[in-house]
Each structure stands twice: as C-alpha cells, then as structure tokens.
1. Quick check: at a probe of 1.4 Å, how many percent of the accessible area of segment 9-220 sits on carbon and sulfur atoms?
2. As a test of the formula, what do you get for the chain when each DSSP H run with n ≥ 4 contributes -39,500 (n - 2.57) and the sum is divided by the residue count, at 222 nm and rounded to the nearest 500 deg cm²/dmol?
3. Go ahead and set up a Gaussian network model of the chain, Cα springs under 10 Å, then flag whichever of 116, 16, 136 fluctuates most.
4. With +1 on each Lys and Arg Cβ and -1 on each Asp and Glu Cβ, and nothing else charged, work out how big the dipole of the chain is about its Cα centre, in Debye to the nearest 20.
5. Sorted from largest down, give the three principal axis spans of the alpha carbons of the chain, whole angstrom values.
6. Using per-residue counts of other Cβ atoms within 10 Å, averaged over each peptide, order 123-131, 138-146, 100-108 from highest down.
7. Do any of 165/210; 65/86; 63/172; 65/174 go past 25 Å between their Cα atoms, and which?
8. Can you list the aspartates and glutamates whose alpha carbon sits under 14 Å from that of residue 218, skipping same-chain ones fewer than 8 residues off?
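The values are calculated or read from the model by the stated rules, or taken from the named source; none is laboratory data. Everything numeric here is computed off the predicted structure, so don't read it as measured data. Counting neighbours? That spans all protein chains shown, and the Cβs are built from the backbone with ideal geometry, glycine included. Only protein heavy atoms, including side chains, enter the accessible area calculation; ligands, DNA and RNA are left aside. Shrake-Rupley method; radii C 1.70, N 1.55, O 1.52, S 1.80 Å.
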Amino acid sequence: MALKSKTFKLAPSILASDLSCLGTEVQKLEKAGIEVLHFDIMDGNFVPNITFGFPVLQALRKKTKLIFDAHLMINNADRYLEDFKKAGCDWLSVHVEACSHLHGTVQKIQNLGMTAGVAINPGTSLDELNGILDFADFILLMSVNPGFAGQSFIENSFERVRELKKRIGKRKIKIQIDGGIKKENIREAVSAGCDILVMGTGFFSFKDYKIALIELSKEATRGD
Ligand code: DX5
Ligand code: ZN
C-alpha cells in the first residue's frame, strides 16, 4: 500500500493520550478528522520503556477504521511482523539500528500488505539509509531519542530532514518526523519537507481534538 497524499498528515501518538480510556480517545480522534494513529511499541530492551502490544492493538482495531501506524522500538522485529498484521496494523516501521537484515524486513512487511517505514535515531548517520531508499515507503526520522513522549525537540533535526529530502530526490518515499513536534515548530517541519507529523504531547495538550487539527493545520500551512 503506497502513501498517496501530497500534503502532510498529522499522526497523533496515542502514548500521550489518556491511556485510562483509550477506546474513547481513539473514537474522539476519528470524529475529529484524524486519519492516522501512531502507536509507539517499546520492548524495554531496544529502548528503556515498555508500552503496549498486540492485545491493545486488537482491542482498538475493533473501535476504529483509522490507519494504524505502529512504530516498532523493539529488537527482533522480524519475529512479530505477521502478528502486527493480524493485530490490524497498516503501516509498520522498524529501526535501522535494530535490524540486521533491513532490506529483508522491509520486504516482509510489504509482502504482508503493509506500508513499510524505516526509523532512524538522531545520532545515526543518514548514510545508514543509503541501501534502503529504493525500497522503503517512508523514513521515520526521530527528532528525539526514542523511549518517551514529551521530550524536547533536537534542534538539528530539520537540517536532517532537508538533507534526507535531497537524498530521496525523485523517489516517492515519504518522510515522517517523530518527537517534540508542536504548534511552535510545525510550520518548519512542513516546509523542511515532512509529509507525516507524529505528535504526542503537542497534540494532546489540546482538550478539543477537532480544534487541535484545525489550529495545527492552519499553523502548518501559514503563509502558503
Ligand atoms: C518517542 C516516540 C514518539 C513520542 C512522541 O519514542 O516515538 O512517537 O511518543 O511524543 P512527543 O510528540 O510528545 O515527543
Ligand atoms: Zn513514535
């Protein structure tokens, strides 16, 4: 499944939502006009935090038709790709730092009918993506170190987006940015070339998600 939209999409990271009533949160997001839900899957091994897994995804899958975008911050992702598909994921991203056979993993994700993303940490050289740009559907560029919502945006990240955009050239591959995106920097994120903006605390600090979507979209395209 290729990503179609020419404009950017906001993907709220539900890790920063009210986790005590996830079903309601997800339905509120759908009603507000959100199209993509970002799930941060952490294993307490690749990153120093543990979040949620298949039972939570499966339960939420019954509540919404939204695109499920699972960001795997786990070792041994290969072992679980089919289970993520079965749990209802549409997009799956794996970390370049955690995969020893990245091309094969991307291929498996796509063969399972999912959109394949490759995530890269702030401290990893973009050169590590050289061999995968012809194959992945999107690159998830981390603008914080993975593990927690609510961290500060790492300042050189937009430079990295611009550099990545150059390297992508004419390829159809999209750029997703993740970490510390908020109203104050959303405009720059879009103008730097980000297609999908993951937002945790910057989104859920709004009480009304419809207003959040309107205000953030207006800010993102200000001056266009
Ligand atoms: C960090 C996660 C992010 C995070 C985003 O490991 O990948 O998706 O939840 O949260 P904010 O927008 O608050 O940085
Ligand atoms: Zn994420």
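1. Numbers: 4560 of 9320 Å².
C and S fraction of accessible area: 49 percent.
2. Numbers: 8 runs with 73 residues, N = 224.
Calculated at 222 nm, the ellipticity per residue is -9000 deg cm²/dmol.
3. So, out of 116, 16, 136, the one fluctuating most is 16.
4. Details: 29 positive and 27 negative charges, 163 e Å.
Result for the chain is approximately 780 debye, rounded to the nearest 20.
5. 42, 41, 32
6. On the way: 123-131: 12.7, 138-146: 22.9, 100-108: 15.3.
Descending packing order for the listed peptides: 138-146, 100-108, 123-131.
7. Values: 165/210 30 Å; 65/86 15 Å; 63/172 31 Å; 65/174 22 Å.
Long pairs (Cα-Cα over 25 Å): 165/210; 63/172.
8. Answer for residue 218, where 14 Å is the Cα cut-off: 184, 188, listed by chain and number.
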